[in-house]
Amino acid sequence: MNTDTRERPIPLLGLAAWSGAGKTTLLTRLLPLLRARGLEVAMIKHAHHHFDVDKPGKDSYELRQAGAGQVLVASSRRFALMVENPSGEETDPALPELIDRIDPRRADLILVEGFKREPIPKIEIHRPVLGKPLLCTGDPHIVAVATDRPDAVPGGMRTLPLDNVSLIADFIGEYLGLRGPGRET
């Protein structure tokens with residue numbers, strides 16, 4: 001865990017892809033490797049649809065339904081903050097605002113899933129079989145493409161084998177200048 005209490009920007013890297021390319025699948029394989037390297041990872045995930053982390057019948061759900069705009073539920077194991085957007089406000093949250101909510105004392109890096117149009121460094125996940133165009137051809141913030149078909153990626157773009165998660169973890173560490181444990185450089 002990061003014990004550095006100084007204010008510092010947390011290294012940030014996005015994973016961008018079209019729906020169905022395997023962002024979450026890659027992350028569920030990547031996160032344990034990064035943790036094993038001594039890194040505390042924070043995640044920000046964009047959802048394109050209505051979602052809820054609470055369940056009807058639970059106290060926290062009932063309190064939100066009764067009108068609480070923010071509900072923080074805490075136990076000895078975890079805490080969760082649920083914040084309701086004002087009634088009728090259907091805009092996506094701004095990534096910088098979400099980043100500001102991450103506790104820098106508890107994160108060595110932030111991985112962002114989705115937010116593919118944000119101007120942050122990103123690894124694109126590309127599977128040509130989906131028939132979707134590459135994002136890297138129109139996004140200068142894509143620093144590498146993880147793919148199962150490197151021949152489909154334009155020359156000059158860094159490619160990573162999608163099935164070699166350890167190599168992707170190495171790339172992330174090198175690109176962000178991270179050393180485990182913590183961020184000693």
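Derivation of every value follows stated rules applied to the coordinates shown; laboratory data play no part. Predicted model, so just to flag it, every value in this text is computed and none were measured. No Cβ is skipped: glycine too gets one built from the backbone with ideal geometry, and neighbour counts run over all protein chains shown.
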- Amide H neighbours of Glu113 under 5 Å, at least 5 residues apart or on other chains, H built in the peptide plane: list them. Leu15, Ile44, Lys45, His46
- Query: Between Leu63 and Thr25, what is the FRET efficiency for a Förster distance of 45 Å, r being their Cβ-Cβ separation, to the nearest 0.05?
  - Reply: 0.85
- Item | Cα-based equivalent ellipsoid, segment 96-185: semi-axes from gyration tensor eigenvalues, Å | 26, 17, 11
- Note on the structure: Whole-number value, in Å³ per residue, for the convex hull of the alpha carbons of the chain is 148 Å³
- P(r) of segment 20-84 over all Cα-Cα pairs, binned every 5 Å from zero, in whole percent: 3, 12, 18, 17, 17, 15, 12, 5, 1
- Query: If R0 is 22 Å, what FRET efficiency do you get for Lys55 and Asn85 from their C-beta distance, rounded to 0.05?
  - Reply: 0.65
- Message: Just to confirm my numbers, what's the Cα centroid distance between segment 106-185 and segment 36-86 in Å?
- Response: 28 Å
- Taking Cα atoms only, helix 23-36 is inclined relative to the longest principal axis of the chain by an angle, in degrees rounded to 10, of 90 degrees
- Task: Place the peptides 93-102, 119-128 in order of packing, highest mean first, counting for every residue the other Cβ atoms within 10 Å and averaging per peptide.
- Result: 119-128, 93-102
- Mind checking the angle between helix 165-176 and the chain's longest principal axis? C-alpha axes, 0 to 90 degrees, to the nearest 10. 80 degrees
